[in-house]
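First the structure, in the form of structure tokens, and then the observations on it.
The values are calculated or read from the model by the stated rules, or taken from the named source; none is laboratory data. All figures in this text were calculated on a predicted structure; none of them were measured in a lab. FYI the Cβ positions are ideal-geometry reconstructions off the backbone, even for glycines, and counts take in every protein chain you see.
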């Protein structure tokens, strides 16, 4: 639909765009990223004919842009600039009605039903139907921005050009507006070209992105290709970390502040506070540990200061165990967002604790273990159903060191392998298959790292960290299993 070829532009002696070339397909949401001064707004002004072209070519539906009159262009292209001149005295609806000017005919144009429908739909799309008779001078900055967007939408353009469309809007307004625009690109085949300052919003909503730096195209492509740490660091001169969005398949970035390195605490594991009772085991740290866990509360990656292993009865049953566990933690004054919460039916007196320190590796391991619902993972398919009762083997490992994401995952693998080996050596059987069990049906593991001191890129069994994890988990699991079995001869917990 839109083709830009070798576009260059200069203000006096300063060239702000250098041979910019790209295409935008019909129905595409196309984003433009770049730091201040990279030429984004100049590019948009050239696309809207606000600036006259100096070098290059722009075509719209195969027709050179220069051949369109302003009114002809307004029937195809609508523009929402970064700063809009406010027309005080107009109501919201009157302001939006101005967007129908391009479709008016004759010396005395007649307002039609099509005009009215276009205005009402645009006002509703931006969520201002209840305020359509209100003066725009009484609106907030974000609401005014939505009015001007509605005016642009009322033009019923084929191409919508936006310069920071979510400027002055709060988070909810931004998401609602971009959701609506994305819906219009899908339903009405509206083509959107938008300048973004928020990289994550651009990644979330745009089909493709153009990255500009000092007036030159750095790269063009889908967000998964463009949102790349080294490229963003080069363009924005800021350190970033790329990560996956938790719900949709698109990347997000986190900016890393330029701060002085945190001075490493001495004996960070020695400062852990461990409290034990029949109800719960709590490991508390003075500073947050980065944690990867499969726990009931705090699953996935998060930063945690407290690790809670809670005893529940064998017949514990709850439709929403996560919510019930959160209420349990809140009732005991734990910060749910900084707490990893596990459950076990094992008597907590049988837990095993192992502190290990060798060379640059120091870690603290807590294991509760029982075999009430032991399962051989290789033969679980033979079960009519795997019992989803409370897990009996919970492992918490706190490490003094900096782990990469790969090391976190490998640490979890190593811990699981060590647990399975302990079950093998203790001859723990799956009662349904009579084969060696590899765990119980709902085990939990938490790997936590102080993220200071020594750096561990990997934690497989060939690495010093992996060896320490394997040895500690194996030792703690065997000890906890033996305590559990000894107690079962006296009392069932």
Within segment 44-65, restricting attention to residues that are in a helix (DSSP H, G or I) and either in contact with a strand residue (DSSP E or B) (Cβ under 7 Å, 6 or more places away or on another chain) or touching a residue at least 60 places away in the same chain (Cβ under 8 Å) (or both), which residue is nearest to residue 194 (Cα to Cα)? 44
Qualifying positions in segment 410-446 - touching a strand residue (DSSP E or B) at 6+ places or on another chain (Cβ under 9 Å) and assigned to a loop (DSSP other than H, G, I, E, B): 427, 428, 431, 432, 433, 437, 438, 441, 442, 443
Taking segment 447-462, which residues are in contact (Cβ under 8 Å) with a residue 24 or more places away in the chain and part of a loop (DSSP other than H, G, I, E, B)? 450, 451, 452, 453, 454, 457, 458, 459, 460, 461
Kindly evaluate residue 98 against the criterion of being part of a loop (DSSP other than H, G, I, E, B) and either modelled with pLDDT of 90 or more or on the phi < 0 side of the Ramachandran plot (or both). no
I'm told residue 6 meets every condition in (1) loosely packed, with under 13 Cβ neighbours inside 10 Å; (2) in a helix (DSSP H, G or I) except one. Can you identify the failing condition by its number? (2)
Do the conditions hold for residue 365, that is, is it within 18 Å of residue 292 (Cα to Cα), surrounded by 20 or more Cβ atoms within 10 Å (Cβ to Cβ) and out of contact with any strand residue (DSSP E or B) (no Cβ under 7 Å at 6 or more places or on another chain)? no
For segment 160-181, state whether one or more residues are more than 30 Å from residue 235 (Cβ to Cβ) and at pLDDT 90 or above. no
Apart from one, (1) in contact with a strand residue (DSSP E or B) (Cβ under 9 Å, 6 or more places away or on another chain); (2) part of a helix (DSSP H, G or I); (3) over 27 Å from residue 136 (Cα atoms) all hold for residue 41; the odd one out is (3)
Every residue from segment 379-404 that is part of a helix (DSSP H, G or I) and modelled with pLDDT of 95 or more: none
Test for residue 307: is it in the same structural domain as residue 445 (by TED's automatic domain parsing), within 30 Å of residue 396 (Cα to Cα), in contact with a strand residue (DSSP E or B) (Cβ under 6 Å, 6 or more places away or on another chain) and surrounded by fewer than 16 Cβ atoms within 10 Å (Cβ to Cβ): no
